[in-house]
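The values are calculated or read from the model by the stated rules, or taken from the named source; none is laboratory data. For clarity, every value in this text was computed on a predicted model and none was experimentally measured. Here the Cβ positions follow ideal geometry from the backbone for every residue, glycine too, while neighbour counts run over all protein chains shown. Note: accessible area is taken over every heavy atom of the protein model, side chains too, but ligands, DNA and RNA are not part of it. Shrake-Rupley method; radii C 1.70, N 1.55, O 1.52, S 1.80 Å.
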Amino acid sequence: MTAYSVPPVEELLSKRVQEMVLHGEEPLGPYICRSGEDVDEKEDIMDTSPIPIIDLNLLSSSTTSDNEHEQELEKLGSALSSWGCFQGIAHGISASLLDKIRQVSREFFNQPMEEKNKYAKSVVDFQGYGADLVPEQGQFLDWSDRLFLEVFPEDVRQYNLWP
């Protein structure tokens with residue numbers, strides 16, 4: 001792994017990668033992973049394997065056999081431990097609602113940086129617009145920004161972070 005000094009957390013999370021690119025700045029060391037560096041076999045396999053698909057109906061239906069339920073539950077556990085994510089199907093969310101969510105998301109992320117920053121999270125918060133928290137020492141940082149909003153329970157909603 002290439003050696004670099006890790007700036008303080010506040011500095012790492014105070015600049016969005018998009019802002020750095022717009023201003024012609026070079027990304028900080030922890031954002032850079034050159035081809036072949038720190039890539040393990042698990043990551044190579046994940047690049048070529050499809051994202052796991054979990055049938056949520058099998059997990060929630062009372063008509064699912066115990067065997068089917070157990071198999072899907074094992075599949076979910078495996079997906080989360082190896083990938084950290086999965087594609088959920090048979091969830092009961094209408095296509096029209098999913099389309100609306102995609103539309104609203106695109107509208108938010110297509111806004112100018114100044115507008116998105118109105119909903120920015122602090123370096124210690126999880127909710128709001130920004131990058132994920134700083135990973136463990138030596139890990140590379142994620143280039144993507146996200147908007148994370150807690151919905152339930154209702155008392156954890158922070159409406160000041162909702163566009």
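Side notes on the structure shown:
Residue-wise test of (1) touching a Pro at 6+ places or on another chain (Cβ under 7 Å); (2) part of a loop (DSSP other than H, G, I, E, B); (3) modelled with pLDDT under 90; (4) within 15 Å of residue 105 (Cβ to Cβ).
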site: 126; (1), (2), (3), (4): no, yes, yes, no
site: 140; (1), (2), (3), (4): yes, yes, yes, no
site: 150; (1), (2), (3), (4): no, yes, no, no
site: 163; (1), (2), (3), (4): no, yes, yes, yes
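- Scope the stretch 113-122; condition part of a loop (DSSP other than H, G, I, E, B) and either modelled with pLDDT of 90 or more or surrounded by 16 or more Cβ atoms within 10 Å (Cβ to Cβ) (or both); matching residues: 121
- Qualifying residue in the stretch 55-65 (condition: at pLDDT below 95 and under 30 Å from residue 19 (Cβ atoms)): no
- Complete set of residues in the stretch 21-54 that are under 21 Å from the mean Cα position of the chain (by Cα), assigned to a helix (DSSP H, G or I) and at pLDDT 65 or above: 21
- Residue pairs meeting the criteria (Cβ under 7 Å; at least 6 apart or on separate chains; first free of Cβ contacts under 8 Å to residues at least 40 places away in the same chain, in the stretch 105-120; second assigned to a helix (DSSP H, G or I) and open to solvent by 80 Å² or more (accessible area, probe 1.4 Å)): none
- Taken together, the residues in the stretch 87-123 that are farther than 18 Å from residue 148 by Cβ and charged (D, E, K, R) amount to 3.
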